[in-house]
Structures are given as C-alpha cells and as structure tokens.
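Participant: Starting off with a structure, shown below.
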Amino acid sequence: MLRLCAILLSLLPGSQPVGTMDIAKPEPFAFGSPVAEVRQRLAPLCTSLQVRVVTAPPLAPLARISQHRIDCEGFPYAGRPRKVELVFQDNQLDLVWITFPAQEKDAFLRAFNARYGRPSLQVGFGSVYLAAGAAVRNVPTRVMFASPRQARAMATTLRAAGETPPTPSPSKQGETR
C-alpha cells in the first residue's frame, strides 16, 4: 500500500525529482532550421500540430520578411506531455516556448539551476539563463529556449531597459545567418 501511494504521489505535477527531470532543449528544436524541416521532425512527437503564418503585429524582433509559429500539443518534455510554441523569424527557428502548470515552477527552477547554475538575471519576466539561451517564465509559466541570435537581441533589449546582462556567448547549436 505504501508503495502504491509513493507511485501515485510521483505522478502529481511538480513532484518529479530534479535528478530525473530532463530540462535540456529537445533535439528536434534545432535553431536556424526552416519551418518545413521542424514540422516534419515534430509530426510524430505531437498529438496535434498546427503551422500558422503570423501576420498581425507585433512581429518578433528579428523578423524582416516573415514570421511563422508551430503549435504542438502533447510534446514529451520533462517527463510529461506539454504544449509547445515554436517561433520562426524569416524561416529560421529562433524561439521555443514550453508551457507547464504553475505548480511545477519550483521543480523547473531547481532543475534549471542544477543544470545551468544560478540565473544570469531575475527580472519580472522570470529567471534568465543567458549562457544557456534559456529562461523560466513566471506568468504564464513556461520554459523558453532562444537561438543565439535571439539571445543577443534579448540581451540588447534588457540593456536598453536598464538591466546589465552579460553578453551571451556564441553557441555551436545550428546558428545560421
């Protein structure tokens, strides 16, 4: 009976031990990849998938020609199916948002701190890990991964707003153009 209770408790949101919570950027999200390529990689991993052309302002800051978004439901991340939004600027993957329930926020913060160290910044938005191109957002509760070019643009925006983040180091993770 005690074992059954332990198993049931382990299934509750936010109860997954940090050591078993894999919060690394998932491999299918290769920054710089075009919409069609990412869509093909994600199709077998999502319970539903929709590609959208974003036409209404505001466009993402690096988009000069086009902005697309892929909405993926049921993507496996950190031990559970999640809603994922992928933002493409000029047909390059630049941002990944992974939504999680608010009660899991502390577990995500512990896992991010264990993997990436202390946040570079803690702002109203959330905890930012610039060297990793990642963040844990407060509201709505989401994990964010940013391409190196997007991370540099965000650092510039934060500096202009009076924050002083360190300059993100270049990454070898598929940065293009």
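The values are calculated or read from the model by the stated rules, or taken from the named source; none is laboratory data. In this text the structure is predicted, and so the values were computed from the model without any measurement. Neighbour counts run over all protein chains shown; Cβ positions are idealised from the backbone, glycine included. The protein model used for the area step is the full one, side chains on, heavy atoms only, and it has no ligands, DNA or RNA in it. Shrake-Rupley method; radii C 1.70, N 1.55, O 1.52, S 1.80 Å.
Participant: Give the number of residues within segment 118-140 that are open to solvent by 50 Å² or more (accessible area, probe 1.4 Å) and either at positive phi or part of a strand (DSSP E or B) (or both).
Facilitator: Residues meeting the conditions: 2.
Participant: Restrict the check to segment 62-76 and report whether at least one residue is in a loop (DSSP other than H, G, I, E, B), of a type outside the set (Lys, Arg), open to solvent by 80 Å² or more (accessible area, probe 1.4 Å) and farther than 15 Å from residue 145 by Cα.
Facilitator: Our first condition is that a residue be in a loop (DSSP other than H, G, I, E, B); within segment 62-76, this holds for 62-66.
Then drop every residue that is not of a type outside the set (Lys, Arg), which leaves 62-63, 65-66.
In the following step, the residues that additionally are open to solvent by 80 Å² or more (accessible area, probe 1.4 Å) were identified as 65.
Filter once more, keeping what is farther than 15 Å from residue 145 by Cα: 65.
The answer is yes, given that some residue of segment 62-76 is in a loop (DSSP other than H, G, I, E, B), of a type outside the set (Lys, Arg), open to solvent by 80 Å² or more (accessible area, probe 1.4 Å) and farther than 15 Å from residue 145 by Cα.
Participant: Considering segment 77-109 alone, what residues qualify as being surrounded by 15 or more Cβ atoms within 10 Å (Cβ to Cβ) and outside any strand (DSSP E or B)?
Facilitator: Within segment 77-109, 78, 79, 90, 91, 100, 104, 105, 107, 108, 109 meet the criteria.
Participant: Using the structure shown, decide if residue 1 is at pLDDT below 90 and either closer than 26 Å to residue 157 by Cβ or open to solvent by less than 20 Å² (accessible area, probe 1.4 Å) (or both).
Facilitator: Details: at pLDDT below 90: yes; either closer than 26 Å to residue 157 by Cβ or open to solvent by less than 20 Å² (accessible area, probe 1.4 Å) (or both): no.
The answer is no for residue 1.
Participant: Could you please let me know if residue 42 is in contact (Cβ under 8 Å) with a residue 12 or more places away in the chain, within 22 Å of residue 24 (Cβ to Cβ) and assigned to a strand (DSSP E or B)?
Facilitator: On the way: in contact (Cβ under 8 Å) with a residue 12 or more places away in the chain: yes; within 22 Å of residue 24 (Cβ to Cβ): yes; assigned to a strand (DSSP E or B): no.
No.
Participant: How many of the residues making up segment 36-66 are of a type outside the set (D, E, K, R) and modelled with pLDDT under 95?
Facilitator: Taking segment 36-66 first, the residues of a type outside the set (D, E, K, R) are 36, 38, 40, 42-51, 53-63, 65-66.
From what is left, the residues that are modelled with pLDDT under 95 are 53-63, 65-66.
Going through segment 36-66 one residue at a time, the tally reaches 13.
Participant: Return the only residue of 112, 88, 75, 108 being among the aromatic types (Phe, Trp, Tyr) and over 30 Å from residue 159 (Cβ atoms). Full working, then the answer.
Facilitator: On the way: 112 fails: over 30 Å from residue 159 (Cβ atoms); 88 fails: over 30 Å from residue 159 (Cβ atoms); 108 fails: over 30 Å from residue 159 (Cβ atoms).
Within the list 112, 88, 75, 108, the selection yields 75.
Participant: Quick one: would you say residue 33 is more than 26 Å from residue 110 (Cα to Cα), modelled with pLDDT of 95 or more and surrounded by fewer than 16 Cβ atoms within 10 Å (Cβ to Cβ)?
Facilitator: On the way: more than 26 Å from residue 110 (Cα to Cα): yes; modelled with pLDDT of 95 or more: yes; surrounded by fewer than 16 Cβ atoms within 10 Å (Cβ to Cβ): no.
The answer is no for residue 33.
Participant: Report every pair of residues separated by at least 6 positions or lying on different chains whose Cβ atoms are under 7 Å apart, first residue within segment 93-122 and touching a residue at least 24 places away in the same chain (Cβ under 8 Å), second among the basic types (Lys, Arg) and assigned to a helix (DSSP H, G or I).
Facilitator: Once the first residue is touching a residue at least 24 places away in the same chain (Cβ under 8 Å) and sits in segment 93-122, its partners that are among the basic types (Lys, Arg) and assigned to a helix (DSSP H, G or I) give 94/149.
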